[in-house]
Amino acid sequence: MTARTAFEKAAADGRAALVGYLPAGFPDVQGGIDALRAMVDAGCDVIEIGLPYSDPVMDGPTIQAAAQQALEGGVRTSDVLRTVEAVAATGTPTLVMTYWNPVVRYGVERFAADLANAGGAGLITPDLTPDSGPEWIAAADQHDLDKVFLVAPSSTDERITMTTAACRGFVYATAVMGVTGARTTTSDLAGPLVARTKAATDLPVGVGLGVSNGAQAAEIARYADGVIVGSAFVRALLDHPGDGDAGLRALTALTEDLAAGVRRA
Amino acid sequence: MSTAPTRFDADERGWFGDPVTGFGGRFMPEALVAALDELTVAWHEAMADPAFVAEFEAILREYAGLPSPLYHAERLSQRLGARILLKREDLNHTGAHKIRNVLGQALLTRRMGKTRVIAETGAGQHGVASATAAAYFGLDCTVYMGSVDTRRQALNVARMNLLGATVVPVDSGSATLKDAINEALRDWVASVDHTAYLFGTAAGPHPFPSMVRDFTRGIGDEARAQCLEQYGVLPDVIAACVGGGSNAIGLFTAFLDDEAVAIYGFEAGGEGFDTGRHASTIHAGDPGVLHGARTYVLQDDDGQTVESHSISAGLDYPGVGPQHAHLAATGRATYLPATDAEAMDAMALLARTEGIIPAIESAHAVAGAVRLAEERPGQTILVNLSGRGDKDMETAMEYFGLNRTEAPR
């Protein structure tokens, strides 16, 4: 299983792929599984499951709040893998997005093995760059997993070449210089970054950070292979505390809007 | 200032020891890598530039009041049965060793053409030092401070405001030092083109552990020369407190290749191990990645950072500088816990015998010296008195019950 197939399938339909993110264990483990499956049903092509972490330096207030709620609810790394298994069973490529220390603590090789056993497609690593990740690269290659590293507007061409050469699945382009969180306008840094990345690799390039509606998704889908949405999904659930059905309805409506957006470009 | 290498330096990518099983490195978002690379180059160039080094030394001398004296604490020595020498960093401008680091980093910031600095602070000492350096160099300054700490340390918030800095209370996570670092990093990702991050300790991603060490190693360079000049010998043992570890690495570096000198770091033992409320990261933590470096981390079975505890806010950090992790792993230095109670006893002891009120952080090193003197009667023990205790009087009042006219026992 690799996320690349989902990008290729979308490209064959003449559109960008929609990549949706939620942290595991939010609002609780089963609620998270239900939410992620609703996103699959409503049109997400690839799923990213966040591993809640105590010190999420790349996340803005929205995802921080969800991760903290998940941790306070007692979510464990094993629950994250259980969530992967339940979502991957839909056939949709499912990756884990995680800060590095929880993987170190679990054991890099053991994590790779258990992720592969759960049907996971691979890892997205926001605070691990390929030059610091030889242990993960070896384990991922051993277990046939995707390695999704990030490129940023501040990355030199040399680093983009190095990073994309180490990626498998797709390349994650962070569209803004800043943390995660929905923004009212899309970034003018994203287009040039995608162009520089595509000059270095044949892998699909997904753009993330800041997308919250179908119109923004359509705008990014004009030049990127995938549109990555996280905080807006989290917000949809945060806005309906204690009312799971309303949360799922909001999540489904948002997914449908974004899925229409990536088809409109 | 010395830039001489030791046998315990990092490689060019910031690894102390093997680049997988050793400590340090750089575990950071790609968005910050270019800035960290730029900083690494600027730091190397500055350290090799005699004009930069001369200006740094002149500012330390004329503005910060350095070199600090090495003082033979005779009454304390008599009491403990060993020769106790105190490196008086408590006499520095702003009251602690931290002024060395911030003046170095702020001078480098100006050289790099950046106009704004950000910093994290726990108790507020590094925040005050950063605000001071920013005022000195005319830089904008924003300090991130856990909202729990802004309430506990209102006086330091006022100091930073008076110095012209903006203090941003941080409510996320545990709302203490580690969360202030997280928030400063989030700011930096969005502001890195014009902003420098004045990191407050010898931890974090490469080049911070080595760069902060370079700016603080004057402590040990001075102390070593003073000891030889004043007493004609090297100390038998040196001691410092260790939170992130900047004062300790600042003292240790000059002595690392002096094999006859024993090196001790004293971590915050808090209320004791069995209580789980401590900050003894090397002694009780496990290897992991926190704030950009592989080091010892207080963490649970899933790698979630565990909250640390110490009566001294400056040692209350669940990680530690990676070079200390390396010195511990190689056996070159020994790290032991000193509890809240031992530190407070040492604070009172130093106040009564020498008329010096140490910072509670530094009192952990004094507490260590009390123990070392028992094991090493008659030996020369050099202690880094890294800061003064004015900021800690509220804690001392509460701990000792000082609102009365006679001295407590």
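Just so it is clear, none of the values below were taken in a lab; they were calculated from the coordinates. The shown structure was predicted, so the numbers you read here are calculated from the model rather than taken from an experiment. Reconstructed Cβ throughout: ideal geometry from the backbone, glycine too, with neighbour counts over all protein chains shown.
Between the alpha-carbon centres of segment B:279-313 and segment B:349-400 there is a gap of 25 Å. Calculated mean residue ellipticity, 222 nm, the protein assembly as shown: -13500 deg cm²/dmol, from DSSP H runs (n ≥ 4) at -39500 (n - 2.57) each, averaged per residue and rounded to 500. Kirkwood-based Rg over Rh for segment B:304-344 (C-alpha set), two decimals? Ratio of gyration radius to Kirkwood radius: 1.01.
Looking at the square roots a ≥ b ≥ c of the eigenvalues of the Cα gyration tensor of chain B, which shape do they give, rounded for a/c under 1.5, prolate if a/b is larger than b/c, or oblate? Mind showing how you got there, number by number?
Numbers: a/c = 1.34, a/b = 1.23, b/c = 1.09.
Taking the square roots of the gyration eigenvalues as a ≥ b ≥ c, chain B is rounded.
Near residue A:99, the amide H atoms lying under 5 Å from its own belong to A:51; only residues 5 or more places off or on other chains count, and H is placed 1.01 Å from N.
Label segment B:249-377 by shape, choosing from rounded, prolate and oblate, from the square roots a ≥ b ≥ c of the eigenvalues of the Cα gyration tensor; if a/c is under 1.5 it is rounded, and otherwise prolate applies when a/b is larger than b/c, oblate when it is not. Verdict is oblate for segment B:249-377. Averaged over the residues of B:180-186, the number of partner chain Cβ atoms lying within 10 Å of the residue Cβ comes to 4. If you sort the three axes of the alpha carbon gyration tensor as a ≥ b ≥ c, you get a/c of 1.5 or more for segment A:109-225 and a/b above b/c, which makes it prolate.
Packing around the peptides A:254-262, B:242-250, taken as the average count of other Cβ atoms within 10 Å per residue, puts them in this order, highest first: B:242-250, A:254-262.
Counting each pair of different Cα atoms once, what's the Kirkwood radius of the protein assembly as shown in Å, rounded to one decimal?
Working: mean 1/r = 0.0387 Å⁻¹.
Over the protein assembly as shown, the inverse of the mean reciprocal pair distance is 25.8 Å.
Along the axis of the charge dipole computed for the protein assembly as shown (Cβ charges of +1 for Lys and Arg, -1 for Asp and Glu, origin at the Cα centre), the listed residues B:305, B:378, A:236 are led at the positive end by B:378.
The amide H of residue B:141, built 1.01 Å from its N in the peptide plane, has B:117, B:166 as neighbours under 5 Å, considering only residues 5 or more places off or on other chains.
Considering only A:170, A:248, A:98, whose Cα is most displaced toward the positive end of the charge dipole of segment A:4-264, charges sitting on Cβ of Lys, Arg (+1) and Asp, Glu (-1)? The Cα lying farthest towards the positive end belongs to A:170.
By Kyte-Doolittle mean hydropathy of at least -0.5 and Cα axial length of at least 27 Å, which whole DSSP H helices of chain A are selected?
Values: long enough: A:244-264 (30 Å, 0.09).
Membrane-span-like by this criterion, though nothing is claimed about a membrane: A:244-264.
For the peptide B:20-31, the mean number of other protein chain Cβ atoms found within 10 angstrom of a residue's Cβ is 6.
Tally Lys/Arg at +1 and Asp/Glu at -1 over every other residue whose Cβ is under 13 Å from the Cβ of residue A:168; what's the total?
Spelling it out: positives minus negatives among the neighbours equals -2.
Across the residues of A:99-111, average count of Cβ atoms on other protein chains within 10 Å?
Numbers: counts 5, 8, 11, 6, 2, 9, 11, 3, 0, 1, 0, 0, 0.
Whole-number average of other-chain Cβ neighbours for A:99-111 is 4.
How much of the DSSP beta bridge set in the protein assembly as shown is antiparallel, as a percent to the nearest 5? Walk me through the numbers on the way to the answer.
Working: 16 of 78 bridges.
For the protein assembly as shown, the DSSP antiparallel bridge percentage is about 20.
Put simply, when A:200-211, B:106-117, B:258-269 are sorted by average Cβ atoms within 10 angstrom per residue, most first, you get A:200-211, B:258-269, B:106-117. Relative to the Cα centre, the charge distribution of the protein assembly as shown, modelled as +1 at Lys and Arg Cβ and -1 at Asp and Glu Cβ, gives a dipole magnitude of about 900 debye. Among B:152-158, A:127-133, sorting by the average number of other beta carbon atoms lying within 10 angstrom of each residue, highest first, gives A:127-133, B:152-158. Hull volume per residue, based on the alpha-carbon atoms of chain A and their convex hull, is 105 Å³.
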